[in-house]
Structure formats: structure tokens, C-alpha cells
1. Using a probe radius of 1.4 Å on heavy atoms only, what accessible surface per residue do you get for the chain? Whole Å² is fine.
2. Given q = 0.11, 0.19 Å⁻¹, what are the Debye log10 I(q)/I(0) values for the chain, with equal point scatterers placed on the Cα positions and solvent ignored?
3. Summarise the accessible area of the chain (1.4 Å probe, protein heavy atoms) by the percent that is carbon and sulfur.
4. For Lys31, give me every one of the lysines with a C-alpha distance below 29 angstrom, ignoring sequence neighbours fewer than eight places off in its own chain.
5. Once every DSSP H run of n ≥ 4 in the chain is given -39500 (n - 2.57) and the sum is divided by its residues, what mean residue ellipticity at 222 nm do you get, rounded to the nearest 500 deg cm²/dmol?
6. Which net charge results for the neighbourhood of Ala102, defined as the other residues with beta-carbon distances under 12 angstrom from its beta-carbon, given Lys and Arg at +1 and Asp and Glu at -1?
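The values are calculated or read from the model by the stated rules, or taken from the named source; none is laboratory data. Everything numeric here is computed off the predicted structure, so don't read it as measured data. We place every Cβ from the backbone using ideal geometry, glycine too, and count neighbours over all the protein chains shown. These area figures cover heavy atoms from the full protein model, side chains too; ligands, DNA and RNA do not enter into them. Shrake-Rupley method; radii C 1.70, N 1.55, O 1.52, S 1.80 Å.
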Amino acid sequence: MQKALAKLGPYFYVFLRVAAGLSFAQHGAQKLFGVLGMKQAVPIASQMGVGGIIEFVGGILVALGLFTSPVAFIASGEMAYAYFTRHFPHGAWPIQNGGELAVLYCFTFLYIFAIGGGKLSLDSIR
């Protein structure tokens, strides 16, 4: 079974990359456009606005697999910054401070940074 699943690994990676990218883009859409449960958009020239740009544009690029490694590195850094500035002051453990999602995004994007776009990506075409 392990041998059969190993052949599918690159395709499962595509699902991870696309799901993480599109989920991340939704957070950016909330901030930039005031949609998906956010009452109004944040100012683009604010810290949250810059985060929204990284999340929206970066999420779409990661999902498409375009400039995947550098974009995933930036997204990972944004999530590390978000964790240590917004969550860590409220407790050391992510379960205490509500930072689980930031930690998961941080390490998911760090993994994507290391692997790159993979087989089914625009990076593999260019």
C-alpha cells in the first residue's frame, strides 16, 4: 500500500498547495474587500492591509503554483510575524492564545517553500 501511495504523493501535494493557497487568499479577501464575514475593508496602507495583500495575492499565486517558493517564504514569514506579534503576547502555547492557524499556515508555507510548485504548477510550465 505504501508503494502505491508513494506514486500519488506529488498529486496529494498539489491538493495541499491549492487548498492552503485558496484558504489563505480568503483571509486576504476579507481584509481587502470586506467580504466573507468582515464588515468592511481595512485601509491598504495599514499593517492589516499589507497583510491582506500578501494573503490574497500570495494565496492565489501559491494555489496556481506561480513563483511558489519565494511567495510561500514571504507568506510563512508573515504568519510567523503575526503569531509573535498578535498571539504570543497572550500566552506561549498556540492553544492558549488562538494562534493555531497562524502556526499551521507558517509551517505549511515553509514546507511549500522547500518543495516548490511541484508537478501540476505554472512554475513547472515556465
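1. It amounts to 61 Å² per residue over the chain.
2. -0.41, -1.02
3. The computed percentage sits at 73.
4. Hits, sequence-local ones excluded: Lys39.
5. Helix contribution divided over all residues of the chain: -23000 deg cm²/dmol.
6. Net charge around Ala102: -2.
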